[in-house]
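The values are calculated or read from the model by the stated rules, or taken from the named source; none is laboratory data. On a predicted model such as this, the values are computed, not experimentally measured, just so you know. Glycine also receives a Cβ, built like all others from the backbone with ideal geometry; neighbour counts cover every protein chain displayed. Accessible surface areas use protein heavy atoms only, side chains included; no ligands, DNA or RNA. Shrake-Rupley method; radii C 1.70, N 1.55, O 1.52, S 1.80 Å.
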Amino acid sequence: YCIHVDANADIQVFVTMKAVAGCFENVLLASRRDRVVYRGFSVLKAHINCMLDLLEMKHSWNYNINLPGTVLPLHSNEEIVDILKVYNGTSDIQGFFGGNREKLEWRWLNEYREVNISTSHPAVEKTGNLNPPAPHGIRIVYGQGYGIYSREFLQFAFHDTIPKDLLEWAKNTYCPDEIYFPTLYNTAHNPQIKAPKAYK
């Protein structure tokens, strides 16, 4: 388990979480902490901070399930393991292309920035500029910021050139956590992305 404690959190929250994590061999706090701005790039960055820490761990694991701080698993660890065995190395990342997607294109066609980050009223604001097209001719797929990611997929997402370029581009979008992983995993619309065991 990796827990990202918002850099804006009260110091006592961080100290308490650090003490709790110290009681378990399989719990750690993210080594890089960000001030998370709702709907901004920092939401995705918080997840990535933990994912990168988990990839560097000596412990072996096959899947990462990312959850918001307000959600708890509805299954026991044993039940989750049994379910993931059926996945056999594939990931489970929701993504939509078509339907209401056109109504959401403003999220990536316009440029956005996080503002007032170190105040009590951080926000994501439109800059007034258009965002350039996604790199490598990528067509954006919309989905959720939460999913089940295989270790192999995450290694690809953080070490291959195309995902790294897409991540850099996504910094200027609105709710990038809802487009980054869904786009990488949906190779039906992006055959140039060679994500392992991706949705075709």
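Of everything listed in (1) among the hydroxyl-bearing types (Ser, Thr, Tyr); (2) closer than 19 Å to residue 155 by Cα; (3) out of contact with any helix residue (DSSP H, G or I) (no Cβ under 6 Å at 6 or more places or on another chain); (4) at pLDDT 90 or above, the single unmet condition for residue 60 is (4).
Exactly one residue out of 151, 113, 139 is closer than 27 Å to residue 162 by Cβ and touching a strand residue (DSSP E or B) at 6+ places or on another chain (Cβ under 6 Å): that is 113. Considered as a group, the residues in region 86-103 that are under 21 Å from residue 66 (Cβ atoms), touching a Phe, Trp or Tyr at 6+ places or on another chain (Cβ under 7 Å) and outside any loop (DSSP other than H, G, I, E, B) include one that is least open to solvent (accessible area, probe 1.4 Å), and that residue is 95. Residues of region 7-34 that are surrounded by 15 or more Cβ atoms within 10 Å (Cβ to Cβ) and under 23 Å from residue 157 (Cα atoms): 28, 29, 30, 33, 34.
Among the residues making up region 38-81, those that are part of a helix (DSSP H, G or I), under 18 Å from the mean Cα position of the chain (by Cα) and either over 16 Å from residue 149 (Cα atoms) or polar (S, T, N, Q) (or both) are 41, 42, 43, 49. Would you be able to tell me the number of residues in region 139-180 that are of a type in the set (A, V, I, L, M, F, W, C) and over 17 Å from residue 94 (Cα atoms)? Of the residues in that region, 7 qualify. Just one of the listed residues (119, 183) is more than 19 Å from the chain's Cα centre (by Cα) and either in a loop (DSSP other than H, G, I, E, B) or surrounded by 15 or more Cβ atoms within 10 Å (Cβ to Cβ) (or both), and it is 119. Residues in region 128-145 that are in a strand (DSSP E or B), open to solvent by 30 Å² or more (accessible area, probe 1.4 Å) and in contact (Cβ under 8 Å) with a residue 40 or more places away in the chain: 142 only.
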